[in-house]
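Here the structure is laid out as structure tokens; the discussion comes afterwards.
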Amino acid sequence: PIETITAFEALDSRGRPTVGCTVVTRGGARGRAIVPSGASTGSHEARELRDGGERYGGYGVRRAVANVEGELLRAVRGIDVTDQEAVDRALRKADGTQDGGRLGANAILAISVATAQAAAAGRGLPLYAAVGDGPRTLPMPMINIISGGAHAARALDVQDFLVVPVGATTFAEAIETVARVRAATGEVLRDRGATWALVADEGGYGPQLSSNREALEVLSVAFERAGLIPGDDIAIAIDVAATQFHSPSEGTYVWETENRRMQADELVEELAAWSADFPIVSIEDALAEDDWDGWRTATDRLGGIQLLGDDLFVTSPDRLRRGIDDAVANAVLVKPNQIGTLSEAREVVEIAHVAGYATVLSARSGETEDHWLADLAIGWNTGQLKIGSTMRSERTAKMEPSARDRARTRRRHRAGPSKIRERVLT
Ligand code: PGA
Ligand code: ZN
């Protein structure tokens, strides 16, 4: 049973405050967790509690920290840490709002994850072995190489150009392959005279290029330079993050760097053209968060590749069910802090797997040294993991040996529309 919780304000990788806490059980088991924070957040996400005022530009989390040690602790004290759902229900009930905004979704998630850690510690297990039904696979990483949008001062309109090392057979080989692509991309950018020395929020490059498509050309040249065969060894994933450049009042999508204004179907056609010319296996947030009609068009047109809903589904069981009923997208990005508790995030993974939707466990652009999300990807068998680039410690922490050299996992192939899911790592 939970005896005490101590909370603290930490800084995330963008230098903004975030919530951490330690749960201690009556038996002396301890679990610690720090939560991440996004920048291109969807409007349907759970709400972080921020202090406002002068301190840290209003981003302080002292009130959330106080709520962890006050109202939320009172709500969960005495509940067994092995009953994750009971703890999460009590947290939700204490807050009382749909979006967690009264006591803070950041405060709620910190306790939820620290509870899981304490339960694992109490059983003498690493987190990945204590959550879910037992790990069967290591996730295929989806790794950021070039950033735009809210993560790179809008140097490009499309937010993430990532790679998936689809030919790798082990996690170590996957990471080495991607590190080679990242290094080669730096050389290609330098040769093109693009500014490439600055690092974007997720550890990728944030170059000023003449068009969004040019980022795909840069990656293609980098693959060649790295000696990798497109489609066989390496593939491209993009996160369009279309909510960020969508005007709901006009219903149009605007790319500032190219001075282009598009209707949803024009944007879908552009993405179809990219997919014909480049080895793209996954497109995230092709359309804006509430453009369900546009999403249906995209699913009809591009459904042969992985269509991943981030701002669309916001890790919400209800929104995912609507997507499944409407046959929209075929994969879901899972970010526990979009919904608030581990139980709800796990429910999303289960709903997705039953419906044949792929799952990608994802970090946020504001991350910390904590790596519980890599453990969840393994324990929940999500199949894929999106963590940022191959540098900056808040990213590489998710690849470190404790999260990587997992004891016996065996290869297992899951059926589905995605090439990525046909190869899981050992
Ligand atoms: P965010 O970005 O953490 O800033 O929301 C990540 C993403 O859009 O996938
Ligand atoms: Zn996204």
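Every read-out reported here was derived from the displayed coordinates using simple, explicitly stated rules and does not represent laboratory data. Here the structure is a predicted model, which is why all the values come from computation and not from measurement. For neighbour counting, all protein chains shown are included, and Cβ atoms are generated from backbone atoms with ideal geometry for every residue, glycine included.
Given N residues in segment 160-319, what is its alpha carbon radius of gyration divided by 2.2 N^0.38 Å? Spell out each step's value before the answer.
Details: Rg = 16.2 Å, N = 160, 2.2 N^0.38 = 15.1 Å.
Segment 160-319 yields a ratio of 1.07.
Calculate for the chain the 222 nm mean residue ellipticity that helices alone would give, adding -39,500 (n - 2.57) per DSSP H run of length 4 or more and normalising by residue count, nearest 500 deg cm²/dmol. Before the final figure, lay out each step's value.
Working: 16 runs with 151 residues, N = 426.
About -10000 deg cm²/dmol.
Looking at the P(r) of the chain, how many percent of alpha-carbon pairs lie beyond 33 Å? Can you show the working numbers first?
Working: 26835 of 90525 pairs.
The calculated P(r) of the chain puts 30 percent of pairs beyond 33 Å.
If amide hydrogens are placed 1.01 Å from N in the peptide plane, which non-local residues have theirs closer than 5 Å to the one on VAL131?
The answer is none.
Give the long-range amide H neighbours of VAL334: residues separated by 5 or more places, or on another chain, with amide H under 5 Å away, using H modelled in the peptide plane at 1.01 Å from N.
Sorted by chain and number, the residues that satisfy this are VAL360, LEU361, SER362.
What whole number of Å gives the distance from the Cα centroid of segment 278-295 to the Cα centroid of segment 1-66?
Answer, in whole Å: 31.
So what are the ³J(HN,Hα) numbers for segment 346-353, from phi and the Karplus equation (6.51, -1.76, 1.60; θ = phi - 60°), rounded to whole Hz, Gly and Pro as x?
Taking θ as phi minus 60°, the curve returns 5, 4, 4, 4, 5, 4, 4, 5 Hz for segment 346-353.
Enumerate the amide H contacts of LEU11 below 5 Å, restricted to partners 5 or more residues apart or on another chain; note that Pro and chain-start residues carry no placed amide H.
Placed amide hydrogens put THR18 under 5 Å from LEU11.
Give the longest segment of the chain that steers clear of GluC sites (Glu not before Pro) in DSSP loops with at most 11 neighbouring Cβ atoms within 10 Å, not counting the sites themselves. Display every interim value, and only then the final one.
Working: sites that count: GLU54, GLU250.
In short, 55-249.
So, by mean Cβ neighbours within 10 angstrom, what's the order for 161-167, 129-135, 21-27 with the highest one leading? Before the final figure, lay out each step's value.
Working: 161-167: 24.0, 129-135: 17.1, 21-27: 19.7.
Top to bottom by mean Cβ count within 10 Å: 161-167, 21-27, 129-135.
Can you give me the Rg/Rh ratio for segment 136-211, using Cα atoms for both radii and the Kirkwood formula for Rh?
Values: Rg = 13.3 Å, Rh = 13.0 Å.
Reported Rg/Rh (Cα atoms, Kirkwood Rh): 1.02.
Quick one: Cα centre-to-centre distance for segment 74-147 and segment 182-218, in angstrom?
First find each Cα centre; the distance between them is then 36 Å.
Can you list the HN-Hα couplings for segment 219-232, worked out from phi with the Karplus curve (6.51, -1.76, 1.60; θ = phi - 60°), rounded to whole Hz and with x for Gly and Pro?
Residue by residue, segment 219-232 yields 4, 4, 5, 5, 4, 4, 4, 7, x, 10, 8, x, x, 8 Hz.
Normalized C-alpha radius of gyration of segment 297-400, against 2.2 N^0.38 Å?
Numbers: Rg = 13.7 Å, N = 104, 2.2 N^0.38 = 12.8 Å.
Dividing the Cα radius of gyration by 2.2 N^0.38 Å gives 1.06.
Output the relative contact order of segment 258-367, whole-number percent, from Cα pairs under 8 angstrom with separation of 6+ residues.
Details: 154 pairs, mean separation 23.1, N = 110.
Computed over segment 258-367, the figure is 21 percent.
From Cα pairs below 8 angstrom and at least 6 apart in sequence, can you work out the relative contact order of segment 319-370, rounded to a whole percent?
Working: 45 pairs, mean separation 21.1, N = 52.
Computed over segment 319-370, the figure is 41 percent.
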